Ligand code: CA
């Protein structure tokens, strides 16, 4: 049949109806829409962490053409920040965002999925999650709670923290009152320090008044915003306690599994995209903020002495073994993490480490 004849025939009667319905089909079949809620552990507008969660929701909406609409609530707006995991687990909300070390009280094994003292950096953590079986283990750890985790961000190597006195040996931690969460806090406690856990909004005043002798927070970009340079003189690096902290998005299992496969794939893809976006934001922002802290606010930037770091690393080994002994799943995760770290470490020594040593003198900070 010639095209013109076909079009003529198609323009009449039943054929026209068939043609019209074929063209209109995507609009005729109403696709189910999902209105979800997300709660987070972060304060409203906290750069990269909370804004990353908001960005995740926006990107999901765009990528699904509005089929998934996620309303994001910062910490405390719908549930208290540290109830995020429970809210996702019991289905109060469909998803949440935070960092896995906040849930150590639920399951000690979760701590390896956020930050391990002297553990993997961002690149190493991502390699473990996506290519080394780490995400499978993480899913196994959250499964009893009906929660499905995905990496959603990474801070990169954090700073060691703000101190009101110089840190020369591990003995300087004895009696030191420091705000430092997670496994890093357990190492400091092992060194004789007193670990104080405070909400973000109370740290500055406590440091200024000497209730705290030291605090860590994130990196230059976030630390500058908190104004810690006004309350403590020494800014130490590197953040051995959080060498590449992973941020997470969590889905309620029933909610996630109720989605068609294409929408599940979009959630996974946007989580992965947000993970890369977040690390890029930290990498792009920290250098300029560090420079500002030094040149504008005269911060005394100091590297922890090597022997002090050696002592902390030995102590961290014991702390990790003790934590792993608390629970069979924690043991399984710790052993897998250790094995993977040794494997990528061999490569990192001759790749990233060797390369950075070669170019290090090209990036001197302006004093
Ligand atoms: Ca931190």
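Computed from the coordinates by the stated procedures, all read-outs in this text should not be read as laboratory data. Fair warning: this is a prediction, and the values are worked out from it, not measured in the lab. Positions of Cβ are backbone-derived with ideal geometry, glycine not excepted, and every protein chain shown enters the neighbour counts.
Straightening the chain between residue 264 and residue 189 buys 22.8 nm, computed as 0.36 nm per residue apart minus the Cα-Cα spacing.
Largest GNM mean-square fluctuation among 96, 52, 132, using the chain with Cα springs under 10 Å: 132. Relative to the longest principal axis of the Cα atoms of the chain, the long axis of helix 13-28 makes an angle of roughly 10 degrees. Label-to-label distance for residue 230 and residue 257 is 5.2 nm, based on points extended 7 Å past Cα in the beta-carbon direction. Summary value for the chain: 21 percent relative contact order, contacts being C-alpha pairs under 8 angstrom separated by 6+ residues.
Between helix 306-324 and the chain there is an angle of about 60 degrees, using the helix long axis and the longest principal axis of the Cα atoms. Computed from Cα positions, the angle between helix 328-348 and the longest principal axis of the chain comes to roughly 80 degrees. A Förster distance of 51 Å, applied to the separation of the beta-carbon atoms of residue 350 and residue 143, puts the FRET efficiency at 0.85. Estimated at 0.36 nm per residue, the fully extended path between residue 35 and residue 298 surpasses their Cα-Cα distance by 89.8 nm. Summary of the geometry: region 42-72 and region 254-278, compared by the centres of their Cα atoms, lie 12 Å apart. Only DSSP H runs of four or more residues enter the estimate; each adds -39500 (n - 2.57), and after division by the residues of the chain the mean residue ellipticity at 222 nm equals -15000 deg cm²/dmol. The label-point distance for residue 65 and residue 326, in a model that sets each label 7 Å from Cα toward Cβ, rounds to 4.8 nm. With a ≥ b ≥ c the root eigenvalues of the C-alpha gyration tensor of region 276-364, is it rounded (a/c under 1.5), prolate (a/b larger than b/c) or oblate? Because a/c hits 1.5 or more and a/b exceeds b/c, region 276-364 counts as prolate.
Rounded to the nearest 0.05, what FRET efficiency is calculated for residue 171 and residue 317 with R0 set to 22 Å and r the Cβ-Cβ distance? Let's see the in-between values first.
Values: r = 19 Å, r/R0 = 0.87.
Taking R0 as 22 Å, the efficiency between residue 171 and residue 317 is 0.70.
In whole percent, what relative contact order does region 149-299 give with Cα contacts below 8 Å and a gap of six or more residues? After rounding, I find 41 percent.
Let a ≥ b ≥ c be the square roots of the eigenvalues of the Cα gyration tensor of region 241-322; is it rounded (a/c under 1.5), or, if not, prolate (a/b larger than b/c) or oblate? Because a/c hits 1.5 or more and a/b fails to exceed b/c, region 241-322 counts as oblate.
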